[in-house]
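Before any comments, here is the structure.
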Amino acid sequence: MSDHVTEVVFPRLSSEQPGAEGVLATWFVSDGEAVAEGQLLAEVQVDKVSAEVPAPVAGVVRLAVAEDDAVRQGDVIARIE
C-alpha cells in the first residue's frame, strides 16, 4: 500500500468571499471505505450554491469533518490513502 495521502478540500464556490464558510451537507461514503477515482464523496454548500465533491484518486477515504459541520472553502474535508 502506498504512503501517499491525497487531501480532499472543500471547493471554492464563492469567488467574492474565497474564505467563506460553507457546510458539508452530505457524505456519500463512510470513513475507511475504499473509493474509486471520480466516485462521489460528498455534497457541500455555500449560501444557496451546492456542489458535489468527487474523489480525485482511488484509495481509502478518511473523513476529516462530520455532516453539517461548518467548513471554510479550501479547508481539508477528507484524506484518501
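Values quoted throughout were computed directly from the atomic coordinates according to the rules given, and no laboratory measurement underlies them. If you're wondering where the values come from, they're calculated on a predicted model, not measured in any experiment. Using ideal geometry, Cβ is built from the backbone for each residue, glycine included, and neighbour counts are taken over all protein chains shown.
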Rg to Rh for the chain: what is it, with Cα atoms only and Rh by Kirkwood? 0.97
Along region 60-71, Karplus-curve 3J(HN,Hα) (6.51, -1.76, 1.60; θ = phi - 60°) to the nearest Hz, with x for Gly and Pro, reads 9, 8, 10, 6, 10, 9, 9, 4, 6, 6, 7, 9
Stretch A25-V5 to full length: gain in nm at 0.36 nm per residue minus the Cα-Cα span? 4.8 nm
Dipole moment magnitude, nearest 20 debye, region 6-80 about Cα centre, only Lys, Arg, Asp, Glu C-beta charged: 180 debye
